[in-house]
Amino acid sequence: MHLADGTRKAVHLLQKGERVATSTAGGSASVVAVVEMYNAGNATALFKDMCQLDQGFFIAGTHPVRVGGRWIRPKWQFACTRTMPFASLFGLVLDAGHSVVLHGFEVATFVPGPVGVQLIDIPHKFKWYQAIAAAPGFAEGYVRIDTRELAKLRPADWDGSVYDRLQFEEAVVAPAAGVGSVGAGAASAM
C-alpha cells in the first residue's frame with residue numbers, strides 16, 4: 001500500500017487516520033477503517049479465482065481495479081485461476097474517494113453509495129458498507145467481519161455476469177491502454 005508520504009505499508013498494518021495515496025480525493029485520503037474479512041467456519045478458507053498480480057500480492061478476480069485508465073475486473077486481463085488458502089482478506093474504508101493506489105493500480109475501496117463507476121456501484125456492496133459501518137470496531141478503525149455474513153447481503157441470483165458484459169461494451173469505447181504493475185501486499189478483496 002502506498003502512503004501519502006511515498007512510503008509503503010501492508011494493508012493489514014494500517015491505522016485509522018493514516019493518509020494513503022489515491023488517484024482521487026486530491027491524491028490522498030485518511031483511513032477510516034481497515035476491514036478484515038474472514039470465514040469463521042474455516043480458519044484458512046479457500047478463495048477461488050485469485051489473481052497474483054505480483055510477488056505476494058493477490059486480489060479477487062472480480063475486484064475492481066483501474067488499468068490503463070479503464071476500470072476492469074482483473075480476471076479480464078490476468079490469469080485468475082488460483083484457489084488460495086487465506087485466513088483473511090483485507091479492504092479499506094476511506095474518508096474521501098473510492099480507491100487506493102497499490103503499486104501502479106487503482107484499487108476500489110468500500111463505499112457507502114454510488115461513485116459513478118459501474119463496477120463499484122453495485123447495490124449489495126452498499127449493504128456491505130452498511131454492515132461494516134455498524135460492526136464492532138468501526139469507530140476505532142478496525143473491523144473483523146465474517147465473509148459469510150457479507151454473502152447473505154447479495155441477491156440470491158447474483159453471479160456478477162452482468163458486469164462481465166461490461167468488459168466487451170467498454171472495450172469498444174475505451175480500449176485498455178496497458179497494464180500497470182503491482183507490488184507486494186496482503187490479499188485484497190472488496
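Listing for the model above:
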| quantity | calculated |
| --- | --- |
| At R0 = 35 Å, FRET efficiency that the Cβ-Cβ distance of residue 96 and residue 118 yields, to 0.05 | 0.95 |
| Listed peptides 149-155, 16-22 by packing density, highest first (mean Cβ within 10 Å) | 16-22, 149-155 |
| Extension gain (nm, one decimal) between residue 83 and residue 5, 0.36 nm per residue minus Cα-Cα | 24.6 nm |
| Compactness of segment 1-117 as Cα Rg over 2.2 N^0.38 Å, two decimals | 1.05 |
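No value in this document is a laboratory result; all are computed from the given coordinates. None of these values were measured; they are calculated from a predicted model. Cβ coordinates were reconstructed from backbone atoms using ideal geometry, including for glycine residues, and neighbour counts include every protein chain displayed.
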